[in-house]
Amino acid sequence: MTKRMIAATVAALLLAPLYARATVIDLTTTGASSGLVTSANGVTYQVDQVGPQPTGTGVIDPFLRIQASGNEQGYNTSLSTPFDDKASGYTRALNLSEIPIVNIGGVNYRQFLLDINEDSGGNHELLSLNQIQIFQSATDRDDGVLSSTASNTNTAVLGFSSPTLTPIFQLNNSPATGSTEIRLNYALNSGSGSGDMFLYVADAAFDPNTSFVILYSQFGDPNGFASSSDGFEEWATLKPEGTPPVSPIPEPGTMALALTGALGFGLAGFRRFRRRPTA
């Protein structure tokens, strides 16, 4: 572990009491995992810090980019650029068939990849992920609205709702009661495009006959302990073409949900660096 990684991890531990949450999933160390846990709406999921893996346009397929200073939010659609979405071909409609299925302990999960892009130094490597919501729709939609307002007391979490969308997954209730915060560390991986977190959501929660998947997420302070400070955050899926099948993930018996502490183990190897696209 480098000096910068150690400093970022220590900073996360020192800041934790200032931003108390009922549940903190700490992914600020290499190999950290939540294990299988349950979302606010009763869906089983797991989040893992991403280990060494190939990168490049032939491997990942982005569908949402958002960027703002302090806190940021957005959802994927090809029809507009709502909230803090970046106007690019990388923010687009997503089809259920594009999302890989991974087996964890004999159960199928849909796999999403999150790649964060933060600054370096002064704890700017750290980022809070405060809300994830996933919906399905028969068509691409862009008519969602926020259902609550951010609060400096760190007790409210922004939410997203739409009368035309079918809710599938929700990390937190809004306003949040006993909310969950996912803490991320950009310093663990070099460059952009390799990914920082895998999200696995139980496949049984999805309707196989409904085509479009819409993912909303919100990052930063005041909702969380660390604000957004630099480039865009990007959600993507792994392409099956030219990549080996995703291996089943071991049972999470040895993986614990971290409340305020750090969890992890060392992984060897390096990943190829992919230059960050210009904003």
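Taken together, the values in this text are just the output of simple stated rules run on the coordinates, not laboratory data. It should be emphasised that the depicted structure is a prediction, and the values quoted were computed from it without experimental measurement. With ideal geometry, Cβ positions are generated from the backbone for all residues, glycine too; neighbour counts draw on all protein chains shown.
The length gained on full extension between T81 and E98, counted as 0.36 nm times the residue separation minus their Cα-Cα distance, comes to 4.0 nm. Computed from backbone phi, the HN-Hα couplings of segment 73-83 come to 7, x, 8, 7, 6, 8, 9, 6, 10, x, 6 Hz, rounded to whole numbers (Karplus: 6.51 cos²θ - 1.76 cosθ + 1.60, θ = phi - 60°; Gly and Pro given as x).
Site pair S161 and S120 shows an inter-label distance of 4.4 nm when each label is modelled 7 Å from Cα along Cα→Cβ. Residue exposure proxy: S97, S194, S137, ordered by other Cβ atoms within 10 angstrom of their Cβ from fewest to most, comes out as S97, S137, S194. For L96, L199, L129, the sequence from fewest to most other C-beta atoms within 10 Å is L96, L199, L129. Residues I101, I66, I134 in ascending order of nearby Cβ atoms (within 10 Å, fewest first): I101, I66, I134.
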